[in-house]
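A short write-up of the structure that comes next.
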Ligand code: ADP
């Protein structure tokens, strides 16, 4: 753990395993209550001077961390593939995406503007200044183990906040590698602190309950996000919540079905479906169903599952055994209720995949609202296809979910694209585009997918307070 500028070890550790092989690849400290308290104390104490550094100093340090990430891109990516399982190419992309946030917020640090406001009184002036919220408690997930750290730590540090971060217990090694970079970049002691623990609840509870922590930023599942938000509310803490999703993808008859199938095969199976913006329901207008399914089936048939370090592997392992059980349960339930299984549908147990958590890339058609997969987030390599007839029907189905993170539209009809874009209750919408994410663009969800936005100009606002000054001028 990295607390107050020092690497801290303990007698208590827990194992980190490679999900492709089951092999133990490291041991990390299991924090005690005292460690958590020390980290919060260090962040609190460091905040007094950190908030008074200039934006240019903070920007320079973030810029240096960005450079170090790019210099160490290959090592970081290899570690990520071993710890999280995604194919090496995807890991390299993620390190780049993660680094983008540091560069973006190195720049945004210098653009934290206030304003002056005209008063109705001749003898009065108003001005508004932005200030850091204070100590930030950050909890990050395992599916994007590096970029979810920089997406939170980057804007927090840029704004002048200090941080205590708890990474997912399955991917603490990536977090340690990132904190080595923060250390090498030269952030003052106590400004960034890392606490690792096998049981996340005590860390979450301490971050929510300790009055020195002023903000909770979380990426993970909706149930945990709700629990943290409720607990943070007891102290009226600020929160940013990036939670689950159940993205619909709407393929209209006006689209090229082959192009749509190609795009959706890429985004659906990205990170083996373990992404909150992964399309969970692919809604296809009946006229183009046949060519769409033909192309998607062909592409899924050509996907190779395996160890992400091996050339040509597209489908990495799922993160653990529970993920396999959940995916398989959704597939069985769909088939039992009448879905057609067009590819996959089983755990992969060949000798070369032994020890890993692999599930075959799967294609289900004729999915209906009665099936679990229609409502539950899958987080696995299963494409669920649902037919529709009219635009109104597709929109109603797409919005028929408690989630509101990402959605996708395929159509060449501009009016239809605008109508559907405006009608979808989702925060991120790709139109004939499968990658509407960038450090420069606001990422976040509506409804039970969360609160707040990350990246973009909005990203730094989440870590700033607005302070009003009113002065009487004699
Ligand atoms: P997932 O189902 O994708 O693993 P989680 O919400 O369980 O999503 O995990 C996301 C992050 O939240 C991880 O860092 C995990 O350790 C953390 N987490 C899980 N449960 C709690 C909890 N009760 N309190 C605080 N953090 C938690």
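The values are calculated or read from the model by the stated rules, or taken from the named source; none is laboratory data. For clarity, every value in this text was computed on a predicted model and none was experimentally measured. A quick note on method: Cβ atoms are made from the backbone with ideal geometry, for glycine too, and the neighbour counts reach across all protein chains shown.
In this structure, does residue 167 turn out to be without any contact (Cβ under 8 Å) to a residue 40 or more places away in the chain, within 12 Å of the ligand (Cβ to nearest atom) and under 18 Å from the mean Cα position of the chain (by Cα)? Judged against the criteria, residue 167 is a match. Residue 457 - would you say it is assigned by the TED database to the domain that holds residue 20 and surrounded by fewer than 24 Cβ atoms within 10 Å (Cβ to Cβ)? Yes: the conditions hold for residue 457.
Within the stretch 231-245, can one find any residue that is away from the ligand (no atom under 13 Å from the Cβ), on the phi < 0 side of the Ramachandran plot, more than 15 Å from the chain's Cα centre (by Cα) and part of a helix (DSSP H, G or I)? For the stretch 231-245, residues away from the ligand (no atom under 13 Å from the Cβ), on the phi < 0 side of the Ramachandran plot, more than 15 Å from the chain's Cα centre (by Cα) and part of a helix (DSSP H, G or I): present. The residues of the stretch 116-143 that are surrounded by 23 or more Cβ atoms within 10 Å (Cβ to Cβ), part of a loop (DSSP other than H, G, I, E, B) and touching a strand residue (DSSP E or B) at 6+ places or on another chain (Cβ under 8 Å) amount to a single one, 140. When every residue of the stretch 213-220 is checked against the conditions, none turns out to be farther than 24 Å from residue 27 by Cα, touching a residue at least 60 places away in the same chain (Cβ under 8 Å), within 14 Å of the ligand (Cβ to nearest atom) and part of a helix (DSSP H, G or I).
For the stretch 200-208, state whether one or more residues are within 13 Å of the ligand (Cβ to nearest atom) and farther than 25 Å from residue 9 by Cβ. Taking every residue of the stretch 200-208 in turn, at least one turns out to be within 13 Å of the ligand (Cβ to nearest atom) and farther than 25 Å from residue 9 by Cβ. Exactly one residue out of 249, 255 is more than 14 Å from the ligand (Cβ to nearest atom), more than 21 Å from residue 35 (Cβ to Cβ) and part of a strand (DSSP E or B), and it is 249. If I filter the stretch 221-230 down to residues being near the ligand (Cβ under 10 Å from one of its atoms) and buried (at least 17 other Cβ atoms within 10 Å of the Cβ), which single residue comes out as nearest to residue 282 (Cα to Cα)? Ranking the candidates gives 222 first. Kindly indicate whether any position in the stretch 80-97 is more than 16 Å from the ligand (Cβ to nearest atom), within 30 Å of residue 470 (Cβ to Cβ), assigned by the TED database to the domain that holds residue 209 and at pLDDT 95 or above. Within the stretch 80-97, none of the residues are more than 16 Å from the ligand (Cβ to nearest atom), within 30 Å of residue 470 (Cβ to Cβ), assigned by the TED database to the domain that holds residue 209 and at pLDDT 95 or above.
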